[in-house]
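Working notes for the structure below.
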Amino acid sequence: MIGKQLSRWTMAWFAAALAFLLAALGLAVLGGAGPGLWSSGPGLAVLHLFALGWLCQMMLGSLIQFTPVLAARPLALARLALPALLACSLGTLMLAGGFLALDGWEPGFALLAAAPLPLALAFGLALAMVGATLLAVRGWRQDAGRAVLAALLALAALWVSGAGMALALSGSDTGMVLLPEGMPLHVLLGVGGWLTLSAIGVSYQLFPMFLLAPDRGSRLRDAGFACALLALALVLAGLAALLLGGGTARLLPLAVLASVAAVALYLAEARRMWQARRRPQPELNMQWSRAALGFLGLSALLGGPALWHGGAWAEAAVFAALVGWLSTLTLAQMVKIASFLTWIQVFSPLIGRRPVPMVHELTDARAAGRWLALWVAAAAGGTAALLAGFAPGFRLAALGLLLAALGLCREVVLIRRLRHLAADRRPALLPPIILPPSPRRPDHDHPRTAGA
Amino acid sequence: MTIPEPLELDVRTPLARGEEPFSAIMAAVDSLLPGQPLRLITPFRPVPLFGVMANRGFGASDRLLQGGAWEVTFTPVVGAGPEAGLTPGSAAGAALWPDPARTLDLTGLMPPEPMVRILETLEAMAAGEVLFALLDREPMFLFPELAMRHHEWAGNFAADGASYRLMVRRGDGGGRG
C-alpha cells in the first residue's frame, strides 16, 4: 500500500513527453511543418512527434498516475510502466524517421513498416495496466472511468488505422484501402476519441477537486458522453467499412456532427462545474484550462468547414485541438501536478513533525502564468496563420510555442528542486528530478500485537 | 467455492540487496483475489507483519524452512475483513474503537490541506485515541502516510456519496523515528 498512489515512472513519462514537445516545436521553427506541408515527410514527422511523442505519452503517463486514484486500488501490472514508456518513445522515433521516406530517404521505408510494432507493444501494455485496473473495479459505472475506457478503445482503433496507413506508405499492399479516406477517421480517433475523451474523463475528477465544486454527475454529462460514444461508434463503423472495401461518405459527416454535439454538451458541463465552485479565485491551472476549453470550442466550430472544404480549415481545426485545447490543458495541469507530486514526495513524511510549506509555494505562479499566456497567444496565432496559409506567421507562432515550452520545462525543474522555497525550508535530500525515488522505510518496525 | 492458490512472494533477494520489502508485500496483499492466501518467504520471522496483517483480516501460520528461512502463510479470515462498503485497507476492528477524542470537519478544503490537518492533529494525540474527520473526497494520498506512521484507519463514503467519513486510531509511538 505504501506509495501505491504515486506511480514511480510518472516524472519519466512527463520528461520524455516534454523532450518530444521541444523536438517537434524546434523542427517546426526550422520549417519542417507549416501551412500546406502536413502531408510531406517532415510535416508528418513533426505532427507525430507532437501528437504521439508529446500528447499521447503525456496522457499515458497521466493515466498511469491517475487510474489508481480513480479506481481506489493499485495499478494492475505496474511494473509494465517503464517498458511501455520505452516502447512508446522508440515507436514514435521510428515513425517520425519513417515519414522521411516520403521525401526520398530510403531507410525510412523499413522504419515506417516496423514502427507499428513497438507502438502496439506500448499501447498493449498501457491497456493492460489502465484497462485491467478500471475493469477490475467495474470502472464503467463512474463517469471518469467510462470515458477513459472508451478512450482506450479509440486508442486501439487509432493504432489499427495508423498501422494500416504506415504499412501502405511503406509500400505494402496491406492498408492500401485506408488511403486516403482513412485519414480523417485516423485524426478523429486520435484527437477526439483517444486524447479528448480521456482528457474529458480526467477532468470530471480533477476539475471539481481544483474548483471545490460538488463532485457529481449530471444529465448534461450523460448526454455529452452519449454523443461522444455515438461519434466513436460511427468512426469505428467507418473504419470497418473501409477495411471491408466500402466507403465512409455517409458516416463521416454524422461522426463530425455527433462530435460537435458532444463538445458543446461537455463545454456546458464544464461551465456548470465552474459556476458551482466554492473557490472564488481558482488557481493558475484552472484559469488557463479555461483558455484550453475555448480552443476546444473553436476546433469544434472549425470541424464543419474542415469536413466540407478540407485544406486550411482542416489544418486549423486540428492545430486548435492539438495545440490550443489538449496542450494548453496538459501544460496548465502539468505545473500543478508536478508541484503536487513533489510536495507529496518531499513533505508528506514531515507533516506534524516540522512546518511544511503549502503546495502553491512550490510554484512561481506569475512566471508559469506568463509562459502559459505566451503559449495560448502563440496557439491562437498559429491557428490564424494556418487559416490564412501564412507560412512566416506560422513559424513565428512555432517560435512562441517553443519559448513557452522551454519556460514551462524550466519551471517544472525549479519545482522539482524546490527552488521557489527559501533554502532553509528545503530538505537536504530531494528525490531525483526524473527517475523514481528509492522506497521509503516504515518509521519503526517493532512488533505489535495481532488483532489489536 | 474453491480457494485460490496462494500468491507466493519471496523477499529474501530484495532484502539481501538492502531494499525495503514492506511496500512490495503490501502491494501483493492489495492484489490478492477474494479469499486468496499470501505465502511469504523471508530470511527471518516477520513479527511486525502479523499485527499489520491481522488488522487487515488475515490470520498467520508460519514454519521454519530448511536453511533458516521462514515461510508464513497469511490466510483471509472469513468474517474478519472490514465491513462491506469500507474502503479497502480499512482496519477490521474499527467498530470496537473508543469514541473519537477529536473531530475535524475538513469539507471545503483543497487537497492536501485535509491530509496536513489530520496528520498534525494525530501527532498531538495519545496512542490509541481516535480521530474522526469529515472530508469531501477519499484522501488517497493520506492512506499510505497513515500506514507508514503505523496509524490504523477505517473510512467510507456517506450514503449520499457527497462526503467521506474517516476514523483514524493513533498508533503507538507515533512513528517519530
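The values are calculated or read from the model by the stated rules, or taken from the named source; none is laboratory data. The shown structure was predicted, so the numbers you read here are calculated from the model rather than taken from an experiment. Quick reminder, even Gly has a Cβ in these numbers, built from the backbone with ideal geometry, and neighbours come from all protein chains shown. Side chains are part of the model used for accessible areas, which takes the heavy atoms of the whole protein and leaves out ligands, DNA and RNA. Shrake-Rupley method; radii C 1.70, N 1.55, O 1.52, S 1.80 Å.
A helix-only calculation puts the protein assembly as shown at -17000 deg cm²/dmol for mean residue ellipticity at 222 nm, using -39500 (n - 2.57) for each DSSP H run of at least four residues, averaged over all residues. Buried surface between chains B and A: roughly 4200 Å² of accessible area, summed over both sides, computed with a 1.4 Å probe on protein heavy atoms only. Each Cα pair under 8 Å and six or more residues apart adds its sequence gap; the mean of these over the residue count of the stretch A:157-300 is a relative contact order of 26 percent. Solvent-accessible surface, computed for protein heavy atoms with a probe of 1.4 Å, shrinks by 30 Å² or more for the following residues of the stretch B:99-113 when the other protein chains are added to the isolated chain: B:GLY108, B:MET110, B:PRO111, B:PRO112. Across the accessible surface of the stretch B:123-177, with the other protein chains kept in place and a 1.4 Å probe, carbon and sulfur atoms take up 54 percent.
Got a sec? Which residues of the stretch A:54-83 lose 30 Å² or more of accessible surface with every protein chain in place, vs. that chain alone, 1.4 Å probe? Residues losing area: A:VAL69, A:ALA72, A:PRO74. Carbon-plus-sulfur accessible fraction, the stretch B:14-88 (probe radius 1.4 Å, protein heavy atoms only): 60%. Note on B:ILE3: accessible area approximately 130 square angstrom, rounded to 10, probe 1.4 Å, nucleic acids and ligands left out. When A:ARG219, A:ARG370, A:ARG416 are compared by accessible area at a 1.4 angstrom probe, the order from most to least is A:ARG219, A:ARG370, A:ARG416.
At the residue level, A:GLU315 shows approximately 40 square angstrom of accessible surface with a 1.4 angstrom probe and all protein chains present.
The share of alpha-carbon pairs in the stretch A:33-176 lying farther apart than 22 Å comes to 42%.
Each principal axis of chain B carries a Cα extent, and these read 55, 42, 28 Å when sorted largest first.
Averaged over its residues, the stretch A:177-323 has an accessible area of 42 Å² per residue, based on protein heavy atoms and a 1.4 Å probe. Note on surface exposure: A:TRP140, A:TRP375 rank A:TRP140, A:TRP375 by accessible area, highest first, 1.4 Å probe.
Residues of the stretch A:338-367 that lose at least 30 Å² of accessible area (1.4 Å probe, protein heavy atoms only) when the other protein chains are present, relative to their chain alone, are A:PHE340, A:TRP343, A:ILE344, A:SER348, A:ILE351, A:GLY352, A:ARG353. Viscosity 0.692 mPa s, temperature 37 °C: give me the Stokes-Einstein translational D for the protein assembly as shown in µm²/s, with Rh taken as the Kirkwood radius over C-alpha pairs. The calculation lands on 126 µm²/s. The heavy atoms of B:ASP62 present about 50 square angstrom of accessible area, all protein chains included, probe 1.4 Å.
With every protein chain kept in the model, how would you rank A:ARG79, B:ARG137, B:ARG170, B:ARG102 by accessible area, 1.4 Å probe, largest at the top?
Details: A:ARG79 210, B:ARG137 45, B:ARG170 20, B:ARG102 105 Å².
So, going from the largest accessible area down, we get A:ARG79, B:ARG102, B:ARG137, B:ARG170.
As a length-normalised measure over Cα pairs under 8 Å and 6 or more apart, the relative contact order of chain A settles at 15 percent.
Here the 3J(HN,Hα) profile of the stretch A:201-210, calculated from phi with Karplus coefficients 6.51, -1.76 and 1.60 at θ = phi - 60°, is x, 5, 5, 4, 8, 7, 4, x, 5, 6 Hz, Gly and Pro shown as x.
The length gained by stretching the chain between B:GLN36 and B:SER163 to full extension, at 0.36 nm per residue less their Cα-Cα distance, is 42.5 nm. Counting only other residues whose beta carbon sits under 15 Å from that of A:LEU112, what net charge do I get with K and R as +1, D and E as -1? Net of charged neighbours comes to -3.
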